[in-house]
Each structure stands twice: as structure tokens, then as C-alpha cells.
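The structure under discussion appears below in the form of C-alpha cells.
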Amino acid sequence: MKLLLDATRCQGYGLCQDPAPELIDLDEWGYAQLRETTVPEGGEEAAAAAVAACPNSALRLVK
């Protein structure tokens, strides 16, 4: 499973990092940056929570 970020949709709310800090970093302005695109085994729930937390649909999961 892969976590993808559409940086043009990110508005820097930073809500996505809380559920998945092992996958997502925030830059100095609060915009998301992926630490890892491949979701590790056992991290699917955290990745899905990060996707759900984004108010602008900047994140998505693909198989």
C-alpha cells in the first residue's frame, strides 16, 4: 500500500501528522511532507486515519 500526497492541495493544517508521525513530517510552515510512501505492515490504520484527517483531500492511499 502506498500513501500519496498532492502537495498542491495541502493547506498546511498539519492534522495529518498526528495519526501517522512515522509517515508524515511537517515543514516549517506546517505543510505535509511524506517520510515514506510505502506504508509499512501494521501502519495501514494510521495511514487511513491521516487520509481521513486531511480537510483538503491532499492524501490518498493506493494499493
(Q) Which residue is farthest from A50 (Cα to Cα), if the candidates are limited to the range 23-39 and must be surrounded by fewer than 14 Cβ atoms within 10 Å (Cβ to Cβ) and not aromatic (F, W, Y)? (A) E28
Q | Residues that are under 14 Å from Q17 (Cβ atoms) and in contact with a strand residue (DSSP E or B) (Cβ under 8 Å, 6 or more places away or on another chain), drawn from the range 33-53 | A | Q33, L34, R35, E36, A47, A50, V51
Q) What do you reckon, is A20 touching a residue at least 24 places away in the same chain (Cβ under 8 Å), closer than 15 Å to K2 by Cβ and in a loop (DSSP other than H, G, I, E, B)? A) yes
Q: Output the residues belonging to the range 24-63 that are without any contact (Cβ under 8 Å) to a residue 40 or more places away in the chain and of a type in the set (G, A, S).
A: G30, A32, G42, G43, A46, A48, A49, A52, A53
Q. If a residue has to be assigned to a strand (DSSP E or B) and among the acidic types (D, E) to count, how many in the range 23-63 make the cut?
A. 1
Q: Kindly establish whether E44 is of a type in the set (D, E) and open to solvent by less than 90 Å² (accessible area, probe 1.4 Å).
A: yes
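The values are calculated or read from the model by the stated rules, or taken from the named source; none is laboratory data. As the structure is a prediction and not an experimental result, all values here were calculated from the model. Reconstructed Cβ throughout: ideal geometry from the backbone, glycine too, with neighbour counts over all protein chains shown. All accessible areas refer to the heavy atoms of the entire protein, side chains included, with ligands and DNA or RNA removed. Shrake-Rupley method; radii C 1.70, N 1.55, O 1.52, S 1.80 Å.
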